[in-house]
Structures are given as structure tokens and as C-alpha cells.
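Participant: Before we start, here is the structure in question, set down as C-alpha cells.
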Amino acid sequence: MALKFPIYMDYHATTPVDPRVLETMLPFFTENFGNAASRSHRYGWVAEEAVGYAREQVATFLGADRPEEIVFTSGASESDNLALKGVAEFYRDKGNHIITTKIEHKAILDTCKRLEKEGFEVTYLDVGKEGLVSVDDVRAAITDKTILVSVMLANNEVGTIQPIAEIGALCKERGVIFHSDAVQGLGKTEFDVKAMGVDLASVTAHKIYGPKGVGALYVRRSKPRVRLTAQIDGGGHERGMRSGPLNVPGIVGFGKACEILTKEWRAEAEKLRGLRDRLKHKLFAELDELFINGAWGDRRLPNNLNVSFAYVEGEGLMMAIKDVGVSSGSACTSASLEPSYVLRALGVDEELAHTSIRFGLGRFTTEEEVDYVARLVIDKVKKLRDLSPLYEMAKEGVNLKDIAWTAH
Amino acid sequence: MAYSDKVIDHAENPRNVGTLDKDDPSVGTGLVGAPACGDVMRLQIRVSGEGVIEDAKFKTFGCGSAIASSSLATEWLKGRTLEEAGSIRNTDIVKELNLPPVKIHCSVLAEDAIKSAIEDFRKKQSSRSGA
């Protein structure tokens, strides 16, 4: 099959909507356009029934006991905000301590910063160079003031998979609510709120081949029953936890995306692992001085490859392979000019952080695409290294750390 | 962020990539930036007895705009006197390459590299005449 350009390898950022998902959604934009909260006519009933069905599809995929445990939101950022602020506000009398990690998504970290301003204390756990949280560190951080632990299922940059089941068991034992931002791991690695003892979980549709603008917060209803203070007031939708008329087509699509993954995720994850490993092997076979960021093996998402191409700046490389959509931990790609805080938390040297590229493979990635991208990256890295004064100096035996660089 | 056509042209077909002998008395070398900041430029000039830049070479570790800024600088340097070269401003580079505000530091670095290469050459000359 002929290659089509550009080639997308940034599935951690977002995914295209699966045609099967889109097909399920379409009638809910036009003929079945009702407000799911309209109780007095057929339009509302049809919409409500469709939402109920989607709620079951999402609940089943997450391993929830009951569909009522799914609260639909506008996406995972809102879910993270609702989980953290909602728990903090409701359980304030019980304690003011929250535990999380240094490599969480900004929706968690920035929410924690706001809560700190409001008098909460937050512990940000280190992850070490593997990018993994230690269960012992979580245990040691829990105090009698701790009301919430929030640890992501998998990291969005380096793909490391956290020991969720172990942390869930620990939190249960200590009577602390456990939230997990499951956005990146969902559909790529095992996740089951019941089996893993997760009390709250943030998920979103657009990372699993559903539409943007719809997500959910799983809220456990028994053992323990988790209570939240709503952050959006209004018509009392979603049992008072999240007001606002439901995004019916989005929710229908989200449900379908979950149903597809319930059946297909294991096979898909294995396929992705094969393609990702193929990409890695090809790059490492022809290029020297490559460094994988984060743990390799079972503790990493099967579709993630985050690699530093020493002596080649990430944005420069991205421009050289501009027909391929990837992302970089380089400072130049962000408005802040700060390199990735995730790589910094892993202890990656700033020099190497600037050379990192994240490849995220997905459902529609083909072997031909992998082979093409590998060849292109190899050629461009060689070309850019010929252009790099650092590579020349390193090859001449100059220790780059010995030079008095002029930071600017 | 979209790149201008000129940045893309220079980044894809960089001019005057290479290395001059840094120990040659007629060569001035400027090495500016820092790996930890994500860009390093090395710009070298070969200067004739009459004070005219006969050749310029560069190597850059950095984004497309950094590569383009230094590539353009080498084009501009050739055939100029040291005085003319020293009057090149980063704003000239910004204008020529249409750099957006977030990339202005790339042009500043290129101006620094030019100045630093000229200074290195002059230092070499004065230490020779002093010896």
C-alpha cells in the first residue's frame, strides 16, 4: 500500500476518531438531537437511553460495578479537577494532605498548586530515572492527614506504567481515597478499577479513537463510597456531580470507543508493541548514542518510544522530518522555553532532554510507515550530526561538560 | 508554529556547513550558546591580509531557526570587511528570515557568534604582533 503523508506518530497527543465510532455518533447530531435531561418527550428519552447505554459501555471497560459510577465530563482535565478539588473540598475536615507524583499531567499538578494556595499540603513523589513511583514512597508519605493519593496509570511522555494495583491496595489498607489519571494507559495496558482498588479514575475519549471534548470521572459508590463536592453548579445533571446538558453524540462515541477496546485492546497492544520494537531496533541498528528515556519493558506502554538523539536538537530534527507528526521534550517546542518537566524529574540531563523525540504509535500505524519513518529519522539524524558542532567535538574527544558554556 | 519559507530553505539546504582550522592564524572562531539551553553555534571566518572575510563556515546544534540564522550569517559574512561584518544586527536576521518573537533569541545568538569570531580573530592577530 502506498504511503500517505503526513504520517501521524503522535497518538499520545490525540487519536483520530475510529470510523465505527463516527458512524455510531452521527444520528445523534441530527435526528436524535434531544436533550438527555428532557423527561417529557420522545426526543429526550431517546437521548437518555443512548447515554445510558454508553455509560454501561464505559463502566464495563473500566471494570466498574455499576454504570452510575461514571460521571461524564468535558474531558480528562475537567475530570482531574473535579476529582482533586471535589475530594479536597468534601473531606477538608478529615485532613488537608494530598500525595501525587512529579510526573503527573499538568491538570493534576496545577490543580495541586491551587489547592496548596488554599491551605492544602501536597507531597510530590520522586520517580527516579526509570520514571516509576515506588509503593514504599507512597506508604512513607501517608500521614493521618492524608485524604487523597493521585497517581497516573501511565505517563504521557515516557509511557511508564505505575504500580496502580499495589498503590490501590495500600490506600485501601490505610483508608485513603485513591485517584488515577488513566488517560494514557487506557486501552494499552491492564486497567480495572475494581481489581486495582481505584476509587476515582479520569478518562477521555479522544485518546482512544473517540471524539474530543468528552471524558468521564469514575466515582466509586461502595467500599468506600466516595463523595465529591461538585465544581460546576447548575441543573444537577450527573447526580449533582457535574451540571450541564450532556454531550450526547460525544458520549455515544465514547461508549462505542470503549466497546471496541473491550474486545480488541489486548490484540491491539501486542500489534503496537511489535511495531514500536521494530522502530526501536531499526534506529538503534544504524545510529549510535541513542538513549531511551524511562523504563523499558513491561513497565512501559507498548506504543511509546521516547528516545534522545544525542547532539541533535529535538525541534531541529522535527523540522527535518516535517512530514511526520511526533513531539519533543525540547524547550524550543514550548512557549516557556523550558525543557520537559517529566524528563527533568527522571534526572535526564538538560542537554539530552533537548534532543528527545516521542514517538506514539496507534491503531492506524502500519509497518510501511514504521519502516519509512525509521529510514527518514536515521538519514536526518546523520545529516544533523554532521551539522552539529557538539557531535564533532565529542568525536574529537572533547568532554562537553568541561567547556564553559555561555548560557543565554 | 509555522516556519517561513526562508527558514525552511536554509534549514533544509544549509549553506557553508563545515569546519576551518581553528589554529590557523587567519581564522577566527566563535562558539556561543549552551547545550543545556538547546542551541550552540560555531561560526568561523577566514580573513585576508586586507581584512576581508574570504570564507565563513558554521555548525549549529539547535532548532530550524537557529540553523537558518547561522546559515544566513555565513552567507552575509563572505566578502565583507570585519567592520561591515561587525555591524550585522540580529534584527537584520529577524527581518530576512521572518522569525517569530519566540525565535528572536536564535538571531541574537547568530549576532553573538559573528562578534565572537571577529574578536577571536583580532585577539590572535594582536598576540602575534605583540610576540
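Participant: For segment B:48-72: of the residues being assigned to a strand (DSSP E or B) and open to solvent by less than 10 Å² (accessible area, probe 1.4 Å), which is farthest from the other protein chains (Cβ to nearest Cβ)?
Facilitator: B:Ile53
Participant: Looking at (1) within 11 Å of chain A (Cβ to nearest Cβ); (2) among the β-branched types (Val, Ile, Thr); (3) more than 21 Å from A:Thr406 (Cα to Cα); (4) without any contact (Cβ under 8 Å) to a residue 40 or more places away in the chain, which one does B:Thr81 not meet, given that it meets all the others?
Facilitator: Of the numbered conditions (1) within 11 Å of chain A (Cβ to nearest Cβ); (2) among the β-branched types (Val, Ile, Thr); (3) more than 21 Å from A:Thr406 (Cα to Cα); (4) without any contact (Cβ under 8 Å) to a residue 40 or more places away in the chain, the odd one out for B:Thr81 is (1).
Participant: Now a separate question. How many residues, within segment A:279-291, are surrounded by 15 or more Cβ atoms within 10 Å (Cβ to Cβ) and within 24 Å of A:Arg363 (Cβ to Cβ)?
Facilitator: Of the residues in segment A:279-291, 4 are surrounded by 15 or more Cβ atoms within 10 Å (Cβ to Cβ) and within 24 Å of A:Arg363 (Cβ to Cβ).
Participant: For segment A:309-331, what are the residues that are assigned to a loop (DSSP other than H, G, I, E, B), among the β-branched types (Val, Ile, Thr) and more than 11 Å from every other protein chain (Cβ to nearest Cβ)?
Facilitator: Result: A:Ile321, A:Val326.
Participant: Next question. Does segment B:73-96 contain at least one residue that is of a type in the set (Ser, Thr, Tyr), surrounded by fewer than 20 Cβ atoms within 10 Å (Cβ to Cβ) and out of contact with any strand residue (DSSP E or B) (no Cβ under 9 Å at 6 or more places or on another chain)?
Facilitator: Checking segment B:73-96: at least one residue is of a type in the set (Ser, Thr, Tyr), surrounded by fewer than 20 Cβ atoms within 10 Å (Cβ to Cβ) and out of contact with any strand residue (DSSP E or B) (no Cβ under 9 Å at 6 or more places or on another chain).
Participant: I need every pair where a residue in segment B:115-130 that is under 13 Å from B:Gly86 (Cα atoms) has its Cβ under 8 Å from the Cβ of a residue that is among the aromatic types (Phe, Trp, Tyr), sequence separation at least 6 or different chains.
Facilitator: Short answer, once both residue conditions are applied: none.
Participant: Shifting gears a bit: Look at B:Asp23 and say whether it is crowded, with 16+ Cβ neighbours inside 10 Å, acidic (Asp, Glu) and within 20 Å of A:Lys395 (Cβ to Cβ). Step through it out loud before you land on a result.
Facilitator: Values: crowded, with 16+ Cβ neighbours inside 10 Å: no; acidic (Asp, Glu): yes; within 20 Å of A:Lys395 (Cβ to Cβ): yes.
Answer is no for this residue.
Participant: Counting just the residues of segment A:389-408 that are of a type outside the set (A, V, I, L, M, F, W, C) and surrounded by 20 or more Cβ atoms within 10 Å (Cβ to Cβ), which one comes out farthest from the other protein chains (Cβ to nearest Cβ)?
Facilitator: A:Tyr391
Participant: When you scan segment A:346-388, how many residues do you find that are of a type in the set (Asp, Glu), more than 9 Å from every other protein chain (Cβ to nearest Cβ) and more than 24 Å from the chain's Cα centre (by Cα)?
Facilitator: The number of residues fulfilling the criteria is 4.
Participant: Now for a separate question. Where in segment A:1-110 are there helices (runs of 4 or more DSSP H), lying fully within it, with 1 or more residues that are closer than 30 Å to A:Asp371 by Cα and touching a helix residue (DSSP H, G or I) at 6+ places or on another chain (Cβ under 6 Å)? Reasoning before the result, please.
Facilitator: Working: elements: A:19-25, A:42-62, A:76-90.
Where helices (runs of 4 or more DSSP H) fall fully within segment A:1-110 and carry at least 1 residues being closer than 30 Å to A:Asp371 by Cα and touching a helix residue (DSSP H, G or I) at 6+ places or on another chain (Cβ under 6 Å), they are A:19-25.
The values are calculated or read from the model by the stated rules, or taken from the named source; none is laboratory data. All values derive from a computational prediction rather than experimental measurement. In this analysis, Cβ positions are derived from the backbone assuming ideal geometry, glycine residues included, and neighbour counts consider all displayed protein chains. These accessible areas exclude ligands, DNA and RNA; they are computed on the full protein's heavy atoms, side chains included. Shrake-Rupley method; radii C 1.70, N 1.55, O 1.52, S 1.80 Å.
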